[in-house]
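Asker: Supplied in structure tokens, the structure appears directly below.
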Amino acid sequence: MYDFAYQKPASVADAVKLLSEDPEAKALAGGQTFIPVLKQRLAKPSTIVDLGKLDLRGITIGADTVTIGAMTTHAAVASSKELKAKIPGLQELASWIGDEAVRHRGTMGGSLANNDPAACYPSAALAMDATIKTDRREIKADDFFQGMFTTALEPGEIITSVTFKVPQKSAYEKFRNPASRYAIVGVFVAQHANGVRLAITGAGQGGVFRHTAFEQALSANFSPDAIAGIATPPDDLNGDIHASAEYRAHLINVVARRAVAKAR
């Protein structure tokens, strides 16, 4: 990796100041994506701003919402009994990310900010109509994800927490790459009082997306059979060495039906 300066601020304000003053500075959360990028010399930041000392951890359970601090690790989300009782789909999602070492370092905020097209959390944020809170504003999930590795975050802006609306039922299911455990296709389904939201990760050329045809059918009849005959066009889906666009189109229906079947 290239040489860089290293800063570890103790407050959000200090971190924002460091990032805003230097356009070549980059924030470091859990580092599960960023550190490999640095090792491969695919990025050359002037300064690394380590967010590890910021007080942005914890899970707050409310009556209708769950708020999770941006620096909360996947392991903390996966091991929360309170979260499992409130949103079982989100707890299970976190338990399937990477391996144990990754789960103890990777963070929710880092995953959302990176917006990898095969990451798991973006599908949960979309399906549960989440609000991403930053040091300066609140952003609805529908507005936050803007394409592969692209979000609504402005330079120097830091995610501080994420608030999820608690659904009546939820589930996450994914067809995993056996090596990386990233989603070849992942589906998060959430049944809310006003309808169903369902989001797909791993398959879209532009990253995570909502499947409106599935949502409409499931809002009328929350059953795997309701979407069995709905095909997903492969035109805008990703094709690579792991799966063709046509295979991903097939998997979307299979994985979505599995998610609906186990939702609770």
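The values are calculated or read from the model by the stated rules, or taken from the named source; none is laboratory data. Please read these numbers as outputs of a predicted model, since none were measured by experiment. Glycine also receives a Cβ, built like all others from the backbone with ideal geometry; neighbour counts cover every protein chain displayed.
Okay, residues lined up against (1) within 22 Å of residue 112 (Cα to Cα); (2) among the charged types (D, E, K, R); (3) assigned by TED's automatic domain parsing to the domain that holds residue 175:
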residue	(1), (2), (3)
197	yes, yes, yes
202	yes, no, yes
215	no, yes, yes
221	no, no, yes
231	no, no, yes
237	yes, no, yes
240	no, yes, yes
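Asker: Among the listed residues 156, 186, 202, which satisfies the condition of being on the phi > 0 side of the Ramachandran plot and at pLDDT 95 or above?
Answerer: 202
Asker: Separate question: State whether the residues of region 77-84 include one that is surrounded by fewer than 16 Cβ atoms within 10 Å (Cβ to Cβ), out of contact with any Cys (no Cβ under 9 Å at 6 or more places or on another chain) and either under 19 Å from residue 141 (Cβ atoms) or hydroxyl-bearing (Ser, Thr, Tyr) (or both).
Answerer: Yes, region 77-84 has at least one match.
Asker: Would it be correct to say that residue 197 is charged (D, E, K, R), buried (at least 16 other Cβ atoms within 10 Å of the Cβ) and part of a helix (DSSP H, G or I)?
Answerer: Taking the combined requirement at face value, the residue does not satisfy it.
Asker: If you scan region 237-264, which residues turn out to be touching a helix residue (DSSP H, G or I) at 6+ places or on another chain (Cβ under 8 Å) and either modelled with pLDDT under 95 or in a loop (DSSP other than H, G, I, E, B) (or both)?
Answerer: If the condition is that a residue be touching a helix residue (DSSP H, G or I) at 6+ places or on another chain (Cβ under 8 Å) and either modelled with pLDDT under 95 or in a loop (DSSP other than H, G, I, E, B) (or both), then 238, 239, 243, 263, 264 are the ones that fit.
Asker: Restricting to region 68-82, name every residue that is under 14 Å from the mean Cα position of the chain (by Cα) and not in a helix (DSSP H, G or I).
Answerer: Of everything in region 68-82, those that are under 14 Å from the mean Cα position of the chain (by Cα) and not in a helix (DSSP H, G or I) turn out to be 68, 69, 70, 71, 72, 73.
Asker: Can you tell me which residue is surrounded by the most Cβ atoms within 10 Å (Cβ to Cβ) among those in region 35-56 that are in contact (Cβ under 8 Å) with a residue 12 or more places away in the chain and in a helix (DSSP H, G or I)?
Answerer: 38
Asker: Please list, ordered by first then second residue, the pairs with beta carbon atoms under 6 Å, 6 or more apart or interchain, first in region 57-74 and charged (D, E, K, R), second part of a strand (DSSP E or B).
Answerer: Close Cβ pairs (under 6 Å, with a partner that is part of a strand (DSSP E or B)) amount to 57/69.
Asker: Can you confirm whether residue 154 is of a type in the set (Asp, Glu) and in the same structural domain as residue 220 (by TED's automatic domain parsing)?
Answerer: Answer is no for this residue.
Asker: Being among the polar types (S, T, N, Q) and modelled with pLDDT of 95 or more is the filter; apply it to region 1-39 and report the residue that is nearest to residue 74 (Cα to Cα).
Answerer: Filtering first and then ranking leaves 11.
Asker: Please determine whether any residue of region 212-219 is out of contact with any helix residue (DSSP H, G or I) (no Cβ under 9 Å at 6 or more places or on another chain), β-branched (Val, Ile, Thr) and without any contact (Cβ under 8 Å) to a residue 40 or more places away in the chain.
Answerer: Yes, because at least one residue in region 212-219 is out of contact with any helix residue (DSSP H, G or I) (no Cβ under 9 Å at 6 or more places or on another chain), β-branched (Val, Ile, Thr) and without any contact (Cβ under 8 Å) to a residue 40 or more places away in the chain.
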